[in-house]
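What follows is a short report on a single structure.
The values are calculated or read from the model by the stated rules, or taken from the named source; none is laboratory data. Not measured: the values here are computed from a predicted model. Counting neighbours? That spans all protein chains shown, and the Cβs are built from the backbone with ideal geometry, glycine included.
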Amino acid sequence: MVVPLIYYIALSSALFAIGVIGVLIRRNAIIIFMCIEMMLNAVNLSLVGFADHYQAIDGQMFVFFVMTVAAAEVAVGLALIVAIFRNKATVNVDELNLMKW
Amino acid sequence: MQVLFLILAAVALISGVLVVIQVNPVRSALYLILNFFTVAGIYLLAHAEFIAAIQVIVYAGAIMVLFLFVIMLLNLRQPEEGGEKQHLAQKISGAALAGVTALLVIYTCTRINLGPAKEMVPGFGSTEAVARSLFTDYLLPFEVTSVLLLVALIGAVILARARLD
């Protein structure tokens, strides 16, 4: 009846892998950013799964704090993308090579 | 319950893949919202009602509105990449590496003993239980969170306003 813990781990790993693939293969900075959000979400999913398995509320507390950090990260990251776009008129990460050696 | 989980998981995986393969960023964002909603449904199955509500409000609401807002603001029309071929080897190797890593994690977790599932505590994951923990054991991190959000707010305002020359 109860969902086994390994299901949560499998789904979390798969979503995380999809996020990693998105970061690796896409060149649009906004989509890369969305994939990072998906990876954070995948980690939250495994934390909630473990919290349910061991009936420990600490896992859900961690999810709460991860969400806060994600919100702060999105605010700063999107501001950065807007600032970069105003300077270079692109969000393609191949063309943003100012700090590349 | 397992059937519900599997349906939600399938929708989450499909929408996740669609986020990655969509060319138009707006469509990617909309599929990501669907992904967040299905994950919120899975949180409900895992007795995390408060977290599910926060997931819908903060992730599917606030964060994705911010994303859509920026996408509309930048009004991206140009095709994403010119040199499709030159990245193909990188793309395939990156995808293969990520897939193999995920499979290794799942395989490892099937081999170790995760222990038996605990008995369901009444009221676990309710707003009351979460708030009790948040305002006792996690009071200091909770307060520091407000400072973090303030710093992010100021940083975002300054970054989006200033002209970087």
For this session: Pairs only if they're at least six apart or on different chains, beta carbon under 7 angstrom, first in region B:137-165 and more than 8 Å from chain A (Cβ to nearest Cβ) and modelled with pLDDT of 90 or more, second in a helix (DSSP H, G or I) and surrounded by 12 or more Cβ atoms within 10 Å (Cβ to Cβ); list them, first residue then second.
Result: B:PHE142/B:LEU134
Exercise. Among the residues of region B:40-63, which ones are in contact with a helix residue (DSSP H, G or I) (Cβ under 6 Å, 6 or more places away or on another chain), in contact (Cβ under 8 Å) with a residue 12 or more places away in the chain, part of a helix (DSSP H, G or I) and over 18 Å from A:ILE30 (Cα atoms)?
Worked result: B:ALA40, B:GLY41, B:ILE42, B:TYR43, B:LEU45, B:PHE50, B:ILE51, B:ALA52, B:GLN55, B:VAL56
Exercise. Of everything in region B:108-136 that's of a type in the set (Gly, Ala, Ser), facing chain A (nearest Cβ under 9 Å) and in a loop (DSSP other than H, G, I, E, B), which residue is surrounded by the most Cβ atoms within 10 Å (Cβ to Cβ)?
Worked result: B:GLY125
Exercise. For region B:82-95, which residues satisfy the criterion of being modelled with pLDDT under 85 and within 18 Å of A:CYS35 (Cα to Cα)?
Worked result: B:GLN90, B:LYS91
For this session: Can you tell me which residue among A:MET39, A:MET34 is under 13 Å from B:PHE36 (Cα atoms) and more than 7 Å from every other protein chain (Cβ to nearest Cβ)?
Result: A:MET39
For this session: Just need a number here: residues in region B:1-21 that are crowded, with 18+ Cβ neighbours inside 10 Å and under 16 Å from A:CYS35 (Cα atoms).
Result: 5
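Let me confirm something: among B:LEU66, B:LEU8, B:LEU13, B:LEU32, which residue is assigned to a helix (DSSP H, G or I), without any contact (Cβ under 8 Å) to a residue 24 or more places away in the chain and under 19 Å from A:ALA42 (Cβ atoms)?
Exactly one residue qualifies, and that residue is B:LEU13.
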Problem set entry | Considering residues of region A:51-101 that are more than 7 Å from chain B (Cβ to nearest Cβ) and polar (S, T, N, Q) only, the residue farthest from A:ASN41 (Cα to Cα) | A:ASN97
Exercise. Quick check: anything in region B:98-109 in contact with a Lys or Arg (Cβ under 9 Å, 6 or more places away or on another chain) and at pLDDT below 90?
Worked result: no
Seminar exercise, completed: Per the filter on region B:45-72, residues surrounded by 23 or more Cβ atoms within 10 Å (Cβ to Cβ) and small (Gly, Ala, Ser) are B:ALA46, B:ALA48
